[in-house]
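The values are calculated or read from the model by the stated rules, or taken from the named source; none is laboratory data. Predicted, not measured: the structure shown is a model, and the values here were computed from it. As a convention, Cβ positions derive from the backbone with ideal geometry for all residues, glycine included, and neighbour counts pool all protein chains shown. Just the protein is used for accessible areas: all its heavy atoms, side chains included, with ligands, DNA and RNA removed. Shrake-Rupley method; radii C 1.70, N 1.55, O 1.52, S 1.80 Å.
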Amino acid sequence: MKRIAVVGGSLAGVSAARALRKQGYDGELVMVCAERESPYDRPPLSKSFLAGESTEAEIGLLGNGETLDADWRTGVTATALRPSGGSLALSDGTHLPADAVVIATGARARQPWPDPPAGVCTLRTLDDARQLRSRLLPGARLVVVGAGFIGAEVAATARGLGVDVTVVEALATPLGAALGNEFGAVIAGLHAAHGVRLLCGTGVGRLVGQRQVEGVELVGGRLVAADVVLVGVGVRPNVEWLAGSGLTVADGVRCDAYGATGINRVVAVGDCASWYEPEAGGHVRLEHWTGARERAAVAVSSLLSGGRQRVAAGPPYFWSDQYGKTLQLVGRTTGADSVAVEEGSVAEHDFLAVYRRAGRPVAVLALGHARPFLRWRKQLAAGPVRPSTPAA
Amino acid sequence: MIRVCALADLPPGEALRLDLEPPVAVFHTEDGEVFAIDDTCTHQKASLAEGFLEGCEVECFLHGSRFDLRTGEPDGPPATRPVRTHRVDVVDGDILLSLSPAGQPGNPLSTP
């Protein structure tokens, strides 16, 4: 292969480029990056960067002087992939022939309200973070729509900045979909303990305000006043450009368990990719940081070996930092038949819990227990054939 | 030069945190090599001595940055800056540590 194009310049794309070089690819490498910014890491956008504790330079994805010997095309998007896979059409009107393509176009924040008034923000990009940060002034009233990871982290950061925060969540508890209601209630307690008003089980009917947002109207008519509204209701994968490519796209690019798509020498990784997961018994589109990083190496290995080298991806893992606590989950809680708190105390928002299926650990959740969690994570990564835990 | 402990008191696969300013972590790898680096992850304040040792790399227990014990370099974000490495020698069964100058990140590597 003489030229490989990586479409996407965020964590998945940069990790793929790094993996290509690390695994010995020394041909031409073209990075097609929609954003003009130098590649940056997104987790700090809702935490240290939003809090003003880290600078743009500090959240860069590339090391000092690291170029990966690539041709960086920034501010350019891919608009089409030819069915053969051998060529990309770019938004600057040019065509880019390539022997192989890594699709890493990520996702964008969902915004259910088109053309919202000023003060209504989403948080996905560095520019989003700059804008949100400029509005989180002490005493400002922030309404967060959605108590998922972005919503919860922004709420925590905003409280630290002296902002008045209300979180509106349609489900019964925050992070209920990911953690279940029992542990979702723990997260609810964490918000309450830090002075955040949490309104669960209620949706937002409409935004109030003409030019500048003045509040949100909940379903049922209750009005909550706001100077700033952060909409954190999930993402959509950036895959529309692949229409007509011949790839199967259904909530992400369909891939096998190693990132390979239906087209030879085209792989997909990160938020835009839906990998087959044997443990889940179907395709799953993971949206987490660690997946984007680790699976890039898996996909590249598959690509460079022509599908012969198959490195199994590790179990899904995420972390989230809220109110100075680290929340971590590894594995799959769906299908678990029991869950037990094995360390610490739920009441004190500081614990480690193990999910099991037929006695076998399938997932571990921790809040403020990063150190023992790491040992569990390694055990789960070692695979189901070696359940090195004390008998349940 | 600081005497850390007897090599026999630090089994392979184990690490030791020295309460210096700044703290230093000393690792004895499964392959029998001994390394020393600054203990604090350059991303957030976590002790690398508490991390997961695998080969010549230690993974921070908090967010998963991996540092090469030989060079102090991280393998990628969230950490982007290297930790200082320090020279260690094993003399007559004792681990001896020679601290690198302050403010000097990463290399140079100790001579074997």
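In table form, for the structure just shown:
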{"quantity": "Inter-centroid distance (Cα atoms) of segment A:16-32 relative to segment A:188-264, Å", "calculated": "33 Å"}
{"quantity": "Gyration tensor verdict on segment A:83-207 (Cα atoms; rounded if a/c is under 1.5, prolate if a/b is larger than b/c, oblate otherwise)", "calculated": "prolate"}
{"quantity": "Nearest-10 value in Å² for the accessible area of A:TRP319, using the 1.4 Å probe", "calculated": "30 Å²"}
{"quantity": "Largest-first ellipsoid semi-axes for segment A:142-270, taking √(5λ) over the Cα gyration tensor eigenvalues, angstrom", "calculated": "35, 19, 13"}
{"quantity": "Amide H partners (placed H, <5 Å) of A:ASP350, local residues excluded", "calculated": "A:SER345"}
{"quantity": "Exposure of B:SER47 as accessible area (Å², to 10), given a probe of 1.4 Å and all protein chains", "calculated": "20 Å²"}
{"quantity": "Exercise: per-residue mean of other protein chain Cβ atoms within 10 Å, A:369-376", "calculated": "3"}
{"quantity": "Shielding score for A:317-327, defined as the mean number of other chain Cβ atoms within 10 Å", "calculated": "1"}
{"quantity": "Amide H partners (placed H, <5 Å) of B:LEU53, local residues excluded", "calculated": "B:GLU59"}
{"quantity": "Helix-only [θ]222 nm of the protein assembly as shown, DSSP H runs n ≥ 4, -39500 (n - 2.57) each, per residue, nearest 500", "calculated": "-5000 deg cm²/dmol"}
{"quantity": "Residues whose placed amide H lies under 5 Å from that of B:ARG87, excluding near-sequence neighbours", "calculated": "B:SER98, B:SER100"}
{"quantity": "Per-residue HN-Hα couplings for segment B:13-25 [Karplus 6.51, -1.76, 1.60; θ = phi - 60°; Hz; x = Gly/Pro]", "calculated": "x, 10, 9, 9, 9, 9, 7, 9, 10, x, x, 10, 10"}
{"quantity": "Share antiparallel - DSSP beta bridges, the protein assembly as shown, percent rounded to 5", "calculated": "70 percent"}
{"quantity": "Estimated Rh, segment A:22-124: Kirkwood, alpha-carbon pairs, angstrom", "calculated": "16.5 Å"}
{"quantity": "Neighbour net charge for A:LEU365 - beta-carbon separation under 14 angstrom, K R +1, D E -1", "calculated": "0"}
{"quantity": "For segment B:43-52, 3J(HN,Hα) per residue [Karplus equation, 6.51 cos²θ - 1.76 cosθ + 1.60, θ = phi - 60°, Hz, x = Gly/Pro]", "calculated": "8, 9, 6, 10, 7, 6, 4, 8, x, 9"}
